[in-house]
1. Quick one: Cα centre-to-centre distance for segment 620-652 and segment 341-362, in angstrom?
2. Can you give the log10 of the normalised intensity I(q)/I(0) at q = 0.09, 0.13, 0.15 Å⁻¹, computed with Debye over equal Cα scatterers of segment 343-468?
3. Computed over the Cα atoms of segment 599-690, what is the convex hull's projected area averaged over all directions, in nm²?
4. Return the FRET efficiency for the residue pair residue 659, residue 248: r is the Cβ-Cβ distance, R0 is 51 Å, and the value is rounded to the nearest 0.05.
5. Could you tell me how far the Cα centroid of segment 408-467 sits from the Cα centroid of segment 134-191, in Å?
6. What distance in nm separates the simple spin-label points at residue 581 and residue 402, each placed 7 Å from Cα in the Cβ direction?
7. How compact and how long is segment 367-413, expressed as Rg and Dmax of its alpha-carbon atoms in Å?
8. Along each of the three principal axes of the Cα atoms of segment 516-565, give the extent in whole Å, ordering the values from largest to smallest.
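Values quoted throughout were computed directly from the atomic coordinates according to the rules given, and no laboratory measurement underlies them. Predicted model only: the values in this text are computed from it and were never measured. So basically every Cβ, Gly included, is an ideal-geometry build from the backbone, and we count neighbours across all protein chains shown.
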Ligand code: FAD
């Protein structure tokens, strides 16, 4: 009987479409809570779910499946947008699919009147994203075997592909390139071009938009699809839960999953289940007023988390109070912010991206990336809900004209609420169905930090070194502030005695839902990396880490100092560090002195201060000056490490190193580059860049 009630509710919401949200779902009189979603299980919704995607497509009447390999949520977001657009413009029955959740032997059984889409991010050094590892190994492996024995096996498979990459990395978009190649090798037919988005050039969104229109045209032609006028249909229904209040124990106020709600959180802690870690200590590292960088020690001793030197820790941030207020205000939800609601997927394959029942306040504060840049496609979607015709016309223009959009939004660091406020000239936007935000805004993402301590020295305390993101914006009196770093700064201020911290006027719900983060806690998980010291400490190492790029190297050096103290023979250890001024932002100066006591002349810190003299000096220059020593150490098989800024520094260091090698070995520069490539392939050259 409970299911029947639910079916009726769902039907009602579908029929009434966008009105559902305004007529307050209370009309349907839901009285019980049949809405346990994925978050009941801390490790996602995988338990007991079929791994057969064809079965899932058949069950739910789908003819288009959009697989995504996503690390930071962008590929997942693009997949959802393709799903939405395929349905509204072409009447395709679409579903998105996390690559991790299915098996692929039956890819050959997808009939040619159905379509598969692949949206694939490349991570780090040409690697698949965590959720795409198995798929990637299967499809590019030597012995991928399919369910039937057709030859070629994937002759029936029709697919489209888009990759998300970063041209500052060596293996640009290698995921989509290699998967595309593998699919073609098996006889699959690609429709349209395989698109490539470039985060390095900052054109990801526009690359995606430029790829998808010709792709849809090619797909429509091939599959005989008729384009129709796109009408917005919500993917999620919002249902009031009038008999619940924020005090009701089953209501999520920001808790990431059911165990956290019930206060029984336990490991394994991972990207679905953070550990609420006490912060043992936090302090400022810069001695200059207008810039901040914090060192924080995160205590994992009461958890079963572990790390190795060179790993990353993920910090789960909370949006700042002023941004939450601004968002709720512009969409007309301020008064309803604490109302308990549930969110129901109106599509059998759509997933509500946070646990319910909950409140608008909790969704906006803990689960949606409300401060991020806005997408032009979202602007087009929201045009239909503009407060008046003039604003609607402006939204349509902004959505359709790339240059105009760039000119109006680019310099302002607008987030969605600031954008709506500016375009609406002060009018509120109460007509936007809340579903549109759940669909169009990313899930609030954890931010990664390179661990700056050594697991040899402090296995149960993770330290991070985070520079606070801030940007002055012409014409705006409050500067742009990064989400996670300013949250960390507020935590640091509270820990150091400020009862009501408000860095740059921003306040945060530092106590967390139901005070569960009280006493200076932060939700974290650990991500293991391949950025590692050589197993033999006698091997020399050369590290290049300007700014916060020094973080993992503090861990490396701390560890080698400990090994030396314990009597091991430790090889030459050279760090190239750069910053603006010795007196302002020279990170960990006193720590280096400390480690020198153990490592002696085997530790050398080579500094480049760009603003201490009239001539700007960067780490690359120092590397050049030391080419002879570097050439010698490399001939003794030294490992070479680079950490920090991917866009400029890491690239230039790569070039300089190739030149140094060319000179020291008397070979051409292109040969030098080839040698660096080989060093990368054999892990003699390792990067940890962002
Ligand atoms: P965000 O709010 O995420 O903003 C980040 C940037 O995005 C802004 O500076 C801006 O350029 C852009 N942006 C955001 N919103 C808008 C908008 N509305 N309009 C226009 N532009 C916008 N950082 C460290 O300090 N130390 C480390 O050791 C470290 N290690 C890392 C290791 C890895 C593997 C990775 C991937 C990243 C690492 N980072 C590190 C970076 C860190 O993860 C964060 O990206 C950084 O701290 C900023 O986070 P934030 O939430 O404060 O800023």
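1. Segment 620-652 and segment 341-362 have Cα centres separated by 49 Å.
2. Relative scattering, expressed as log10 I(q)/I(0), comes to -0.38, -0.68, -0.82.
3. 7.0 nm²
4. After rounding, the FRET efficiency stands at 0.20.
5. Here the answer is 32 Å between Cα centres.
6. 4.3 nm
7. When restricted to Cα atoms, segment 367-413 yields Rg and Dmax of 11.0, 32 Å.
8. 46, 26, 19
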